[in-house]
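Student: Dumping the structure here so I can ask a few things about it.
The values are calculated or read from the model by the stated rules, or taken from the named source; none is laboratory data. Please read all numbers here as calculations on a predicted model, not as lab measurements. Methodologically, a virtual Cβ is constructed for each residue, glycine included, from the backbone with ideal geometry; neighbour enumeration extends over all protein chains shown.
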Amino acid sequence: MYVSGFTFVRNAIKFDYPIVEAIESILPVCNEVVVAVGNSDDGTLDLIKSILSDKIRIIETKWDDSLREGGRVLAIETNKAFDAINPAANWAFYIQGDECFHENGVEAVKQAMITYKDDTQVDGLLFNYRHFYGSYDFVGDSRKWYRKEIRVIKNNKRIRSFRDAQGFRKDDNTKLHVKPVQAFIHHYGWVKHPKDMMAKQQSFHRMWHDDNWVDKYVPKKESFDYSGIDSLVKFNGTHPMAMQARIERINWNLGFDPSRKKYNLKLWLLYIIEKLTGWRIGEYKNYRKI
């Protein structure tokens, strides 16, 4: 069995993406990791080259900055990396530059890959998610955060990155048939120093909207205000080992009170039902569990 990892990145240093940690977290499962490094304004290419692993293979890409709708450029860059993996690969493990795979799930993922390698009904594997917000101590628990997503797919080029690269679908827009695995992806895209997060926001929204929208809706402030979040809970578990050094370097204090919830009556009722039963009413699922 051969497993290829794949990811894409641009301006990782400028926007403080944990791309090195992301790549290192999937190395134990992969025979190779293809990294599509986009044209950057910083030393991102050298950063990726500095990772000490002979499994890493770099392809250099150029982003189409004219694509300003729905984050489509992110899906295009994802597909470039996926298309460059070893043709002999059975599975492809996708990781984004602000995510990290928790090593507690390594054996579960490996076993699922073995079990379903030749099962033509299975297109991919479905992972659990934790979305950290503001700091490494708090996790978003409201309906705005997706709870599961596909991160391992078969090496089938009919599978394409979907919309803004959150997940995958077939080229005829059908959802993938997936098996859930007891493994977690930690999403750290909302954990940055407030000044770094503000800089990211001003750049990030340009992949979804035109300049008029950005000027109108993205504040021109020095620091990002994390206090507007609707609901967080304290995280008492462990982070991936690849993230430990980064976590120890944290240099700001969120100062958030998780007992505060910013919900109207409807959202309170939905929140309570979910906490009591595990059922998220009306949950969007970009996959079909089999």
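Student: Just to be sure before I move on: is residue 116 of a type in the set (Ser, Thr, Tyr), touching a Pro at 6+ places or on another chain (Cβ under 8 Å) and buried (at least 19 other Cβ atoms within 10 Å of the Cβ) in the structure I sent? Walk me through how you get there before you give the answer.
Tutor: Details: of a type in the set (Ser, Thr, Tyr): yes; touching a Pro at 6+ places or on another chain (Cβ under 8 Å): no; buried (at least 19 other Cβ atoms within 10 Å of the Cβ): yes.
In short, no.
Student: Additional query: Residue 196: among the acidic types (Asp, Glu), assigned to a helix (DSSP H, G or I) and touching a residue at least 60 places away in the same chain (Cβ under 8 Å), yes or no?
Tutor: Numbers: among the acidic types (Asp, Glu): yes; assigned to a helix (DSSP H, G or I): yes; touching a residue at least 60 places away in the same chain (Cβ under 8 Å): yes.
It is true that residue 196 is among the acidic types (Asp, Glu), assigned to a helix (DSSP H, G or I) and touching a residue at least 60 places away in the same chain (Cβ under 8 Å).
Student: Being within 20 Å of residue 249 (Cβ to Cβ) and surrounded by fewer than 16 Cβ atoms within 10 Å (Cβ to Cβ) is the filter here; which residues of segment 1-45 pass it? Full working, then the answer.
Tutor: Initial filter on segment 1-45 (within 20 Å of residue 249 (Cβ to Cβ)): 9, 11-25, 42-44.
The answer is 13, 42, 43.
Student: If you go through segment 176-217 one residue at a time, how many are out of contact with any strand residue (DSSP E or B) (no Cβ under 8 Å at 6 or more places or on another chain), of a type in the set (Phe, Trp, Tyr) and surrounded by 13 or more Cβ atoms within 10 Å (Cβ to Cβ)?
Tutor: Selection size over segment 176-217: 3.
Student: Name the single residue that is farthest from residue 173 (Cα to Cα) among those in segment 66-76 being in a loop (DSSP other than H, G, I, E, B) and charged (D, E, K, R). So that I can check it myself, show each step before the final result.
Tutor: From segment 66-76, those in a loop (DSSP other than H, G, I, E, B) are 66-71; that's our starting set.
This time we only want the ones that are charged (D, E, K, R), so: 68-69.
Working: 68: 21, 69: 18 Å.
Only one residue tops the list, namely 68.
Student: Working carefully through the options 98, 123, find the one that is surrounded by 14 or more Cβ atoms within 10 Å (Cβ to Cβ), touching a residue at least 40 places away in the same chain (Cβ under 8 Å), in contact with a Gly (Cβ under 9 Å, 6 or more places away or on another chain) and closer than 25 Å to residue 146 by Cβ.
Tutor: On the way: 123 fails: in contact with a Gly (Cβ under 9 Å, 6 or more places away or on another chain).
Sole residue among the options that is surrounded by 14 or more Cβ atoms within 10 Å (Cβ to Cβ), touching a residue at least 40 places away in the same chain (Cβ under 8 Å), in contact with a Gly (Cβ under 9 Å, 6 or more places away or on another chain) and closer than 25 Å to residue 146 by Cβ: 98.
Student: Quick check on my filter: what residues within segment 218-233 are loosely packed, with under 10 Cβ neighbours inside 10 Å and not in a loop (DSSP other than H, G, I, E, B)? Show your work before the answer.
Tutor: Going residue by residue through segment 218-233, those that are loosely packed, with under 10 Cβ neighbours inside 10 Å are 220, 222, 228.
Once the filter is applied, which keeps residues that are loosely packed, with under 10 Cβ neighbours inside 10 Å and not in a loop (DSSP other than H, G, I, E, B), segment 218-233 yields only 228.
Student: Same structure, new question: If residue 151 satisfies every condition in (1) in contact (Cβ under 8 Å) with a residue 60 or more places away in the chain; (2) assigned to a strand (DSSP E or B) but one, which is the exception?
Tutor: Of everything listed in (1) in contact (Cβ under 8 Å) with a residue 60 or more places away in the chain; (2) assigned to a strand (DSSP E or B), residue 151 misses just condition (1).
Student: Give the residues of segment 253-274 that are surrounded by 10 or more Cβ atoms within 10 Å (Cβ to Cβ) and out of contact with any Lys or Arg (no Cβ under 9 Å at 6 or more places or on another chain), sorted by residue number.
Tutor: Of segment 253-274, the ones surrounded by 10 or more Cβ atoms within 10 Å (Cβ to Cβ) are 254, 256, 258, 260-263, 267-274.
Of everything in segment 253-274, those that are surrounded by 10 or more Cβ atoms within 10 Å (Cβ to Cβ) and out of contact with any Lys or Arg (no Cβ under 9 Å at 6 or more places or on another chain) turn out to be 254, 256, 260, 261, 262, 263, 269, 272.
Residue by residue, here is whether (1) assigned to a strand (DSSP E or B); (2) of a type in the set (Ser, Thr, Tyr); (3) within 30 Å of residue 252 (Cα to Cα) holds:
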{"site": "64", "(1), (2), (3)": "no, no, no"}
{"site": "78", "(1), (2), (3)": "no, yes, no"}
{"site": "121", "(1), (2), (3)": "no, no, no"}
{"site": "126", "(1), (2), (3)": "yes, no, no"}
{"site": "130", "(1), (2), (3)": "yes, no, yes"}
{"site": "135", "(1), (2), (3)": "no, yes, yes"}
{"site": "145", "(1), (2), (3)": "no, no, yes"}
{"site": "168", "(1), (2), (3)": "yes, no, no"}
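Student: Inside segment 234-251, can you point out the residues that are in contact with a helix residue (DSSP H, G or I) (Cβ under 8 Å, 6 or more places away or on another chain) and surrounded by fewer than 16 Cβ atoms within 10 Å (Cβ to Cβ)?
Tutor: Narrowing segment 234-251 to residues in contact with a helix residue (DSSP H, G or I) (Cβ under 8 Å, 6 or more places away or on another chain): 238-243, 246.
Matches in segment 234-251: 238, 241.
Student: Of the residues 72, 68, which is within 17 Å of the chain's Cα centre (by Cα), of a type outside the set (Gly, Ala, Ser) and surrounded by fewer than 23 Cβ atoms within 10 Å (Cβ to Cβ)? Show your work before the answer.
Tutor: Numbers: 68 fails: within 17 Å of the chain's Cα centre (by Cα).
Criteria check complete, one pass: 72.
Student: So which residues in segment 1-48 are part of a loop (DSSP other than H, G, I, E, B) and among the hydrophobic types (A, V, I, L, M, F, W, C), if there are any at all? Give the derivation first.
Tutor: Step one: of segment 1-48, the residues part of a loop (DSSP other than H, G, I, E, B) are 1-2, 10-18, 30-31, 39-43.
Correct list: 1, 12, 13, 15, 30.
Student: In addition: Being modelled with pLDDT of 95 or more and within 25 Å of residue 199 (Cβ to Cβ) is true for just one of 209, 239. Which residue is that? Give the steps one after another, and end with the answer.
Tutor: Numbers: 209 fails: modelled with pLDDT of 95 or more.
From the options 209, 239, the qualifying one is 239.
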